[in-house]
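*Asks:* The structure under discussion is supplied below as structure tokens; questions concerning it will follow.
The values are calculated or read from the model by the stated rules, or taken from the named source; none is laboratory data. This is a predicted model, so every value here is computed, not measured. Here the Cβ positions follow ideal geometry from the backbone for every residue, glycine too, while neighbour counts run over all protein chains shown. Protein only, heavy atoms only, side chains kept; ligands, DNA and RNA dropped before computing areas. Shrake-Rupley method; radii C 1.70, N 1.55, O 1.52, S 1.80 Å.
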Amino acid sequence: MKKIVYLIALVWMGLMSSCSNNDYLNAIPAESSMLISMNTAKMSGAGSQTLFKAFLHVSNLNNTGIDVSKPVMLFEDAQGNLGVCAKTDNTKQLGEMLQKMGLTVLERQDFHFAILPNLWIIGFSDQSTLLMGPVVPAAQPEMMQLMARYLKAKEDDGIVGTPMYDKLDSIDAPMAMVCQAKALPEYLVAPFTLGAPKGTDPSQVLIAADMEVKDGCLWINGQTFSFVKRINDALQKAQATYRPIQGKYVASMSSHDAAGLFVNVDGGQFIKLMTDNRGIQAMLSGINTAIDMNSIIKSVDGDMAIITPSLGQSSFQLMMAAKLKNADWLADVDYWKQSVPAGGQIGEWGRECYYYRDGKTSYYFGVTNDWQYMSGVSEQVALQSIHAAANPISPVIQKKLKGQKMALVANISSIDKGTGVTTVLKPLFGNVNTLVYTLKVN
């Protein structure tokens, strides 16, 4: 009997120890929209240690008061603030190190804070160390108040034990991510919400993925899902629409282009996903009133690339190439010409090649003799869309895309746009220029 009691006590102590190991993560708010876990014990090269070394201007994290042997978590809170959470090892050492850097260590609500040279704020308790920012000077007192609230949070307020954390914890990888689609830059949301029922809020669609930094790229291999069964069922069903990418247009994307979506689909099936997608419809709104893009998409059967050359432009920006099964919609072009909205014009620039122009939109499109759809903002760009770019994305990326069910390539320099994302990405991942997302196949 004594042995049984002893064994039960050991198991209980083990469970309590396992739980307490994660207590420092209570500083991450439960309503966070993004989590990236970095297990430094399993990672090599770039990672969370690089981040802290860069921010704290040290070459060695030993005796800094931060325990990076425990997983470090990058997060985005509900207000869109970026943060990093690590386990505190020794508050005295951490405070002394900051003072040696010439920083003033402030005490607020029993927690310690310092403003780093890059306008990020470090705050720490006996259990947790937070980095949040960047923060302009006028907003720093308010941010320290928010961080103090996070640092004092108990288990019920923290991320541990939430469905989002449990999903992250189930991914067996040195670096893993779970995030809501709404946490992504706006122009990346649409591809991840394809397949969700019409009217679905981006916060209800999540991405679970493992991550790796290699060959100058941040590789993300994952799947979309939802905690809402109806939405999750629709997302999983939609994945059956994608077929292996043959690679016909993987070289069409220039290394300078902002983003490119690559798929291989039957347009008749894919159009069902696109028509319910608010982001895709918004992207096509500049031309959809004059050109029946739905009919064009339905005629696709094979590889398709949708490339956005640049972001933040007031004018329409889209380059699309696709393999067609037919071009029956060409019979409707004369009708499009007659019904074009006021101020617009549809004309010809070659055999079965047309353009639409109005005061702020220019879109050239056409069909080749071998049933390829080509398009772009000018005649030159349209012709180029079905050929390799002068400076295409790297051969490593091109090779990786072939055989994938769906792939998204994004130029990281286009992601930031004042959000501070690259402030974290560069010290975290090193010299990474491109983000590549591929759909994980069960």
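*Asks:* If you average the alpha carbon positions of region 63-119 and of region 232-295, how far apart do those two centres end up, in angstrom?
*Replies:* 43 Å
*Asks:* A further question follows. Could you give the dipole magnitude of the chain about its Cα centre, charging the beta-carbon of Lys and Arg +1 and that of Asp and Glu -1, in debye to the nearest 20?
*Replies:* Using Cβ point charges on Lys, Arg, Asp and Glu, the chain gives about 700 debye.
*Asks:* Can you compute the modelled spin-label distance between Gln145 and Asp169, with each label point 7 Å from Cα toward Cβ, in nm?
*Replies:* Reported label-point gap for Gln145 and Asp169 is 3.3 nm.
*Asks:* Under a Cβ-Cβ cut-off of 14 Å, what is the net charge of the residues other than Ser394 that fall near it, where Lys and Arg count +1 and Asp and Glu count -1?
*Replies:* With Lys, Arg at +1 and Asp, Glu at -1, the neighbours total +2.
*Asks:* Near the amide H of Ser255, under 5 Å away, which other amide H atoms are found, from residues 5 or more places off or on another chain, if H is placed in the peptide plane?
*Replies:* Those lying under 5 Å, H to H, from Ser255 are Asn391, Ile393.
*Asks:* Still on this structure, I have one more. Taking N as the number of residues in the chain, what is its Cα Rg relative to 2.2 N^0.38 Å?
*Replies:* 1.13
*Asks:* Suppose R0 equals 35 Å. What FRET efficiency, 1/(1 + (r/R0)^6) with r the Cβ-Cβ distance, do Gln380 and Arg243 give to the nearest 0.05?
*Replies:* 0.70
*Asks:* Report the residue, chosen from Asp210, Asp276, Asp292, that carries the largest GNM mean-square fluctuation when the chain is represented by alpha-carbon nodes joined by springs under 10 Å.
*Replies:* For the chain, modelled as a Gaussian network with Cα springs under 10 Å, the answer is Asp292.
*Asks:* To the nearest 0.05, what FRET efficiency results for Val160 and Trp349 with a Förster distance of 41 Å applied to their C-beta separation?
*Replies:* Once rounded, the FRET efficiency stands at 0.10.
*Asks:* Can I ask one more? For the chain, set up a GNM with springs between Cα atoms under 10 Å and report which of Gly195, Gly279, Gly80 has the largest fluctuation.
*Replies:* Result: Gly80 has the largest fluctuation of those listed.
*Asks:* Here is the link list: Lys298/Lys325; Lys248/Lys399; Lys237/Lys323. Which ones come out longer than 19 Å on Cα distance?
*Replies:* Lys237/Lys323
*Asks:* To the nearest 10 square angstrom, how much accessible area does His112 have with a 1.4 angstrom probe?
*Replies:* It works out to around 60 Å².
*Asks:* Just by accessible area at a 1.4 angstrom probe, what is the order of Leu119, Leu168 from largest to smallest?
*Replies:* Most to least solvent-accessible, the answer reads Leu119, Leu168.
*Asks:* Now for a different question. Leaving out ligands, DNA and RNA, and with a 1.4 Å probe, what % of the accessible surface on region 270-367 is carbon or sulfur?
*Replies:* Of all accessible area on region 270-367, carbon and sulfur atoms account for 45 percent.
*Asks:* From the Cα gyration tensor of region 142-196, with a ≥ b ≥ c the square roots of its eigenvalues, which class applies: rounded if a/c is under 1.5, or else prolate if a/b is larger than b/c, or else oblate?
*Replies:* Oblate.
*Asks:* Here is a further query. Could you compute the longest span of the chain free of trypsin sites (Lys or Arg not before Pro) located in DSSP loops and having at most 12 other Cβ atoms within 10 Å, not counting the site residues?
*Replies:* The longest such stretch corresponds to 199-350.
*Asks:* Would you mind computing, in nm to one decimal, how far apart the modelled labels at Gln281 and Phe227 are, each placed 7 Å from Cα along Cα→Cβ?
*Replies:* Placing both labels 7 Å beyond Cα along the Cβ direction yields 2.7 nm.
*Asks:* Per residue, how much accessible area does the chain show when a 1.4 Å probe rolls over the protein heavy atoms, in square angstrom?
*Replies:* Value returned for the chain: 46 Å² of accessible area per residue.
*Asks:* Antiparallel DSSP bridges in the chain: what percent, to the nearest 5?
*Replies:* Just about 95 percent of them are antiparallel.
*Asks:* Kindly provide log₁₀ I(q)/I(0) values, in the same order as q = 0.11, 0.15, 0.18 Å⁻¹, from the Debye equation applied to equal alpha-carbon scatterers of region 79-197.
*Replies:* With no solvent term, the Cα-only Debye profile gives -0.48, -0.82, -1.05.
*Asks:* Which value in deg cm²/dmol, rounded to the nearest 500, describes the helix-derived mean residue ellipticity at 222 nm for the chain, given -39,500 (n - 2.57) per DSSP H run of n ≥ 4 and division by the residue count?
*Replies:* -8500 deg cm²/dmol
*Asks:* Can you pull the percent of region 118-173's accessible area that's carbon plus sulfur, 1.4 Å probe, other chains left in place?
*Replies:* Reported share for carbon and sulfur atoms: 48 percent.
*Asks:* Further, regarding this structure: Please list, by residue number, every one of the GluC sites (Glu not before Pro) in region 304-408 that is coil in DSSP and has at most 14 other beta-carbon atoms within 10 Å.
*Replies:* Glu352
*Asks:* Highest GNM mean-square fluctuation, the chain, Cα pairs closer than 10 Å: which of Ala153, Ala209, Ala27?
*Replies:* Fluctuation is largest for Ala153.
*Asks:* What FRET efficiency, computed as 1/(1 + (r/R0)^6) with R0 = 60 Å and r the Cβ-Cβ distance, is obtained for Lys92 and Asp334, rounded to the nearest 0.05?
*Replies:* That pair, Lys92 with Asp334, gives E of 0.15.
*Asks:* Be a star and scan region 66-85 for residues whose amide nitrogen sits under 14 Å from the point 7 Å along the Cα-to-Cβ vector of Lys100.
*Replies:* It comes to 66, nothing else.
*Asks:* Here's something else I'd like to know. Region 205-339: D in µm²/s via Stokes-Einstein (Kirkwood Rh, Cα pairs, 37 °C, 0.692 mPa s)?
*Replies:* Answer from the Stokes-Einstein relation: 194 µm²/s.
*Asks:* Moving to a separate point now. Tell me which residues come under 5 Å, amide H to amide H, from Ser362 once H is placed; ignore anything under 5 positions away on its chain.
*Replies:* Phe316
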